[in-house]
Amino acid sequence: MYLADSRRPAASAAAPALGPGRAARIAPTVLALGTVSLITDVSSEMVTAVLPLYLVTALGVTPLGFGLLDGVLNGASAALRLLGGLLGDRGGGRHKAVATAGYGLSALCRPALLLARTTPLIGLVLAVDRVGKGLRTAPRDAMISLATPPERRGRAFGVHRAMDTAGALTGPLLAFLILRAAPGGFHAVFTVSSYVAALGVLVLVLLVPGRSLRSTPARTARPRSRGLLRRPALRRITACASLLGLATVSDSFLYLLLQRRLELPAAWFPLLPLGTAAVYLLLAVPVGTLADRIGRRRLFVLGHAALLAAYALLLVRPGAGAPLAAAVLALHGIFYAATDGILAATAAGAVPEAQRGAGLALVGTGQAAGRFACSLAVGALWSRWGDTTALAVMAVALTAAVAIATRLLGPHPEHRRREETS
């Protein structure tokens with residue numbers, strides 16, 4: 001663990017030198033950021049688990065109104081990723097400062113929920129929270145990639161995502177326990193969440209080094225995203241992430257499809273995401289390690305093949321009961337383990353250090369935009385022709401996207417090796 005010290009050379013904050021018995025060591029920076037994400041996810045998922053119920057039952061917001069609000073805010077978060085990446089790259093690497101601002105904004109939103117009692121105010125608080133999330137994502141991932149040797153980035157991102165997912169599992173369970181002890185005690189959930197979020201920011205300030213870059217190039221004050229797309233490797237990765245995102249059905253739609261196939265009671269619906277998260281938690285590190293060995297691009301595409309298998313099961317085995325649920329949730333968890341951190345690790349190898357934040361943000365924004373468009377398409381198809389037709393269309397689209405991505409992400413071996421280890 002590191003105390004923050006901007007005067008310390010960044011090379012010392014990077015991964016330790018390789019040696020006997022040290023090849024598998026994870027950089028302290030990665031572990032510190034993983035701890036921050038774990039704590040922050042406990043806080044955010046506590047709120048996420050109860051917010052729909054709070055808005056609908058306590059404030060009288062319609063489910064449709066909440067859905068539209070959440071969709072618009074998530075879209076805004078995706079758009080702000082690029083801004084966060086660009087700001088983090090300025091001045092030779094201000095990733096920690098921008099990430100701290102993002103985490104801080106989200107932390108301030110927790111106590112603000114105690115004061116907001118109307119739908120417009122709640123919407124404003126959620127908007128600020130999404131601004132914080134959008135700003136911090138790319139700088140955080142840039143710090144992880146810059147602290148890790150290229151040959152171990154898959155495992156490093158796997159460790160971080162596993163810690164993040166542990167928080168995502170803990171948050172809803174903690175909220176459940178609080179509401180069980182104090183029925184209707186939404187404000188108790190928001191209060192505890194506020195303290196947890198503040199702890200996450202404190203850990204970030206104290207334990208994450210201040211400088212991100214191993215060296216400070218002479219001209220890094222004004223990084224630009226336009227120039228990044230002139231890099232063939234990054235252009236292919238961004239195109240594939242966007243294309244695959246266009247055929248990636250959102251978690252909410254997937255869980256709703258599964259609930260309808262199983263005729264699951266509404267009270268059990270919140271447990272479905274825990275199944276995906278549990279598999280993701282178990283597989284994130286080993287899959288990340290595997291990606292470092294066999295190729296991150298290949299595994300990224302294979303992860304979408306796992307999602308395609310989940311689509312197929314929902315289409316051909318609608319009445320399979322509990323085995324269907326277990327298989328679909330397992331495949332969904334495999335999909336996340338093989339794509340979430342792996343995409344960031346893949347993109348990091350195609351971007352120079354001085355533009356790492358902007359490059360990662362560009363790829364993430366493309367993927368998020370594709371998924372947002374997919375949600376709109378699935379909603380329209382579902383409303384017009386039903387859920388089975390909507391899923392079948394997405395299955396065909398994902399099959400085509402996987403085939404195209406396999407070709408685009410499969411350059412000559414020498415080029416691929418150079419891009420993944422740069």
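Rule-based calculations on the coordinates, nothing more; no lab input. The shown structure was predicted, so the numbers you read here are calculated from the model rather than taken from an experiment. Note that we place each Cβ from the backbone using ideal geometry, even for glycine, and neighbour counts take in every protein chain shown.
Quick rundown of the values:
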item	result
Residue exposure sequence - Thr346, Thr119, Thr137 - by fewest surrounding Cβ within 10 Å	Thr119, Thr137, Thr346
Label-point separation, Arg293 to Ala278 (7 Å along Cα→Cβ), nm	2.7 nm
Stretch gain in nm, segment Ala127-Glu263, where the contour uses 0.36 nm per residue and the Cα spacing is subtracted	45.5 nm
Gain in span if fully extended, Thr191 to Ala400, counting 0.36 nm per residue against the direct Cα distance	70.5 nm
Whole-Å distance, taken between Cα centres, linking the stretch 300-347 and the stretch 136-188	20 Å
For the stretch 227-422, Kirkwood radius (reciprocal of mean inverse C-alpha pair distance, Å)	17.3 Å
Most positive-pole-ward Cα, Leu254, Cys240, His304, against dipole of the stretch 227-328 from beta carbon charges	Cys240
Virtual spin-label span in nm between Val205 and Leu114, 7 Å along Cα→Cβ	1.8 nm
Packing-based order for 125-135, 385-395, 199-209, using average beta carbon neighbours within 10 Å, highest first	125-135, 199-209, 385-395
Total formal charge among the other residues, if their Cβ is under 12 angstrom from that of Ala405, Lys/Arg +1 and Asp/Glu -1	+4
Sum of side-chain charges, Thr389 neighbourhood, beta-carbon under 15 Å (Lys, Arg +1; Asp, Glu -1)	+2
